[in-house]
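Trainee: Before I ask anything, here is the structure I am working with.
Just so it is clear, none of the values below were taken in a lab; they were calculated from the coordinates. Because the structure is predicted, anything quoted here is derived from the model rather than measured. Every residue, glycine among them, receives a Cβ derived from its backbone with ideal geometry; neighbour counts consider all protein chains shown.
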Amino acid sequence: MISVDHLSKRYGAHPAVNDVSFTCEPGTVTGFLGPNGAGKSTTMRMICGLTAPTSGTATIDGRPYQRLANPGRRIGVLLDASAQHAGRTGREILTLAAMTQGLDRRRVGESLERVGLNNTAAKRRVKAYSLGMRQRLGLAYALLGDPGILILDEPANGLDPEGIFWMRGLLRDFADRGGTVLLSSHLLREVEAVADRLVVIGGGRVVAQGDKDELLAASGTVVRALDTAALDAVLSRAGLTAVTSADGSVVVQADAETIGRAAAQAALVLLELRPAGSGGLEQMFLTLTAGDSVKEAVR
Amino acid sequence: MTAVQSPQTVPAGVASPEPGERAGRISMVTLTRVELRKLADTRSGFWMLVVIGLAGAATAAIMLLAAPGEEQAFQPLLAFALLPASVLLPVLGILSMTSEWSQRTALTTFTLVPERGRVILAKLLACVLIAVAATVAAAALSAAANLIAIGIGGDGSWHLTADQAGRLLLNQVIFVLMGSAFGALLMNSPLAIVLFFAIPTAWTVLSSLVKWLATAAEWIDINMTSTPLSEPDMGAGEWGRLAVSAAVWILLPLVAGTVRVLRREVN
């Protein structure tokens with residue numbers, strides 16, 4: 001289990017992470033979402049004891065990361081797949097990790113196989129690896145000590161669609177066997193398929209968190225009517241907030257029944273009436289974080 | 001309907017023995033072995049060791065071909081054979097500290113071993129061990145060269161006191177540790193390598209120009225204070241000066257460097 005408790009990090013006057021709290025339970029995949037520069041990586045580094053927090057605490061199974069005797073056996077970490085010595089081979093990197101953790105060297109081969117790096121790839125120096133191969137190696141590195149917890153920062157970067165699909169399966173299986181996964185991304189669609197819970201961060205603050213299904217359900221209903229202007233009139237008369245999408249459909253912050261009744265009273269023909277799902281969450285995600293990412297780009 | 005059972009029914013993480021207790025702590029022996037391996041498993045590290053070996057062999061050849069007969073004995077051969085190592089091993093020491101930052105491996109190193117001070121200690125131990133290995137290898141090489149010297153009419157004396165051997169080894173250890181200390185403090189390979197060679201030399205030049213610096217240099221110029229280590233005898237005064245200069249060039253940067261490594265944010 002990962003517990004993050006009122007974690008903050010300031011760089012000078014700039015709060016990179018501001019009072020962030022969440023927990024990741026065994027058996028779940030938590031998607032850690034936010035635009036670039038929102039504070040995802042800083043939070044993850046603080047969890048792993050690589051960055052000292054200005055205030056607050058983070059614990060792994062109840063103890064700070066620095067107090068874990070042999071962390072690789074408890075928690076697998078992949079923060080940056082490119083942070084490996086370019087002159088070492090993939091196999092050598094895993095061998096060093098196995099030695100450090102006191103593992104049987106046979107695990108190295110098994111681990112390489114598990115992430116789909118063949119013998120030729122394993123013998124090559126990391127310098128010659130594509131980003132996708134580095135991500136696979138990083139995943140093998142994280143999984144090597146058979147940990148119960150995984151912390152992965154943007155692991156899908158550089159993976160091809162097949163690789164992303166494979167990784168989802170691997171993480172889902174890991175969590176279904178009782179593992180805990182914290183997985184960051186700046187793309188909602190990337191984590192949506194695998195996460196049970198979402199923590200959305202923007203400008204260093206948690207802007208939304210909870211069960212994925214709840215967050216999706218809370219994101220409104222999509223309505224499409226034959227007569228768009230009439231629909232707008234009906235919705236505004238009912239006092240419902242609505243956002244019109246590019247394709248002419250409208251996302252309304254109300255449940256399907258409320259909207260359906262209002263439409264029926266006005267004898268309106270509806271073509272579509274369904275939960276907004278990820279589309280709505282994406283909308284929310286963009287609204288919640290857009291301002292911050294613009295600020296980030298300017299700074 | 002048939003349900004397909006997943007073959008992996010073991011819960012994640014439960015298969016491994018319960019870690020986290022003090023007993024499960026990674027031992028210093030393990031960490032040192034890992035750091036030793038890291039010294040030689042990259043192209044740069046491997047070739048550095050090869051070059052040290054080849055240069056050692058070259059010194060023996062030079063001695064046998066060019067030195068006067070009475071210098072063709074075990075002690076002078078060994079002292080000369082260790083010269084390349086005393087110049088190049090510190091570079092290995094520097095790289096062992098700086099490559100963690102330049103190659104960004106600190107990220108993975110310190111996630112596997114969060115107690116950074118123990119990683120530094122393991123690196124220092126690995127450097128001392130490699131200095132011992134280099135000295136032993138040079139001794140073997142010099143013994144072979146001495147046999148040849150006997151064959152071609154050189155002095156061929158095997159005289160080497162334990163004190164002399166110990167001081168030759170200490171010389172290697174001092175410079176490899178000084179390299180590691182510079183690397184730990186500066187965290188940047190080119191900068192650490194340049195300063196490692198430039199500062200002591202600058203000292204030597206400066207102290208020959210400025211009079212009052214000359215007195216200080218007798219105590220601080222480590223190139224000067226370490227010279228007696230390779231000579232047949234060494235007095236108490238010389239030991240004192242060596243200790244002072246070692247404190248300045250090894251202890252000081254090492255302490256400051258350790259503080260820097262412990263505090264630095266890894267990203």
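Trainee: Can you name the number of the only condition in (1) of a type outside the set (V, I, T); (2) crowded, with 22+ Cβ neighbours inside 10 Å; (3) within 26 Å of A:D213 (Cα to Cα) that A:M46 fails?
Mentor: Condition (3) is where A:M46 drops out.
Trainee: Here is a further query. Which ones in the range B:26-45 are without any contact (Cβ under 8 Å) to a residue 60 or more places away in the chain, within 7 Å of chain A (Cβ to nearest Cβ) and not in a helix (DSSP H, G or I)?
Mentor: Within the range B:26-45, B:D41, B:T42 meet the criteria.
Per-residue answers, yes or no, for (1) more than 13 Å from the chain's Cα centre (by Cα); (2) closer than 18 Å to B:I193 by Cβ; (3) of a type in the set (S, T, Y):
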{"position": "B:L49", "(1), (2), (3)": "no, yes, no"}
{"position": "B:A58", "(1), (2), (3)": "yes, no, no"}
{"position": "B:M63", "(1), (2), (3)": "yes, no, no"}
{"position": "B:R104", "(1), (2), (3)": "yes, no, no"}
{"position": "B:A126", "(1), (2), (3)": "no, no, no"}
{"position": "B:L147", "(1), (2), (3)": "yes, no, no"}
{"position": "B:G151", "(1), (2), (3)": "yes, no, no"}
{"position": "B:D155", "(1), (2), (3)": "yes, no, no"}
{"position": "B:Q164", "(1), (2), (3)": "yes, no, no"}
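Trainee: Being in contact with a Lys or Arg (Cβ under 6 Å, 6 or more places away or on another chain) and touching a residue at least 12 places away in the same chain (Cβ under 8 Å) is the requirement here; does A:V115 meet it? Step through it out loud before you land on a result.
Mentor: Values: in contact with a Lys or Arg (Cβ under 6 Å, 6 or more places away or on another chain): yes; touching a residue at least 12 places away in the same chain (Cβ under 8 Å): yes.
Yes: the conditions hold for A:V115.
Trainee: Moving on. So which helices (runs of 4 or more DSSP H) are wholly in the range A:97-170 and hold at least 3 residues that are crowded, with 18+ Cβ neighbours inside 10 Å and within 11 Å of chain B (Cβ to nearest Cβ)?
Mentor: Numbers: elements: A:106-114, A:119-123, A:131-143.
Qualifying helices (runs of 4 or more DSSP H): A:131-143.
Residue-by-condition table, conditions (1) surrounded by 22 or more Cβ atoms within 10 Å (Cβ to Cβ); (2) of a type in the set (S, T, Y); (3) away from chain A (no Cβ under 14 Å); (4) touching a residue at least 60 places away in the same chain (Cβ under 8 Å):
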site	(1), (2), (3), (4)
B:T108	yes, yes, no, no
B:T111	yes, yes, no, no
B:P114	no, no, no, no
B:L121	no, no, yes, yes
B:L129	no, no, yes, yes
B:A133	no, no, yes, no
B:A139	no, no, yes, yes
B:H159	no, no, yes, yes
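Trainee: Let me ask something additional. Which residues, taken from the range A:71-92, are at the interface with another protein chain (Cβ under 9 Å from one of its Cβ atoms) and over 26 Å from the mean Cα position of the chain (by Cα)?
Mentor: Passing the criteria: A:H85, A:A86, A:G87, A:R88, A:T89, A:E92.
Trainee: Having 1 or more residues that are of a type in the set (A, V, I, L, M) and in contact (Cβ under 8 Å) with a residue 60 or more places away in the chain is the bar; report the helices (runs of 4 or more DSSP H) wholly within the range B:206-258 that clear it. Let's see the steps before the verdict.
Mentor: Numbers: elements: B:211-220, B:222-225, B:236-246.
Passing ranges, in order: B:236-246.
Trainee: Please specify each residue of the range A:16-71 satisfying the condition of being among the small types (G, A, S) and in contact (Cβ under 8 Å) with a residue 60 or more places away in the chain.
Mentor: Keep residues of the range A:16-71 that are among the small types (G, A, S), which gives A:16, A:21, A:27, A:31, A:34, A:37-39, A:41, A:49, A:52, A:55-56, A:58, A:62, A:69.
Scanning the range A:16-71 gives A:A16, A:S21, A:G27, A:G31, A:G34, A:G37, A:A38, A:G39, A:S41, A:G62.
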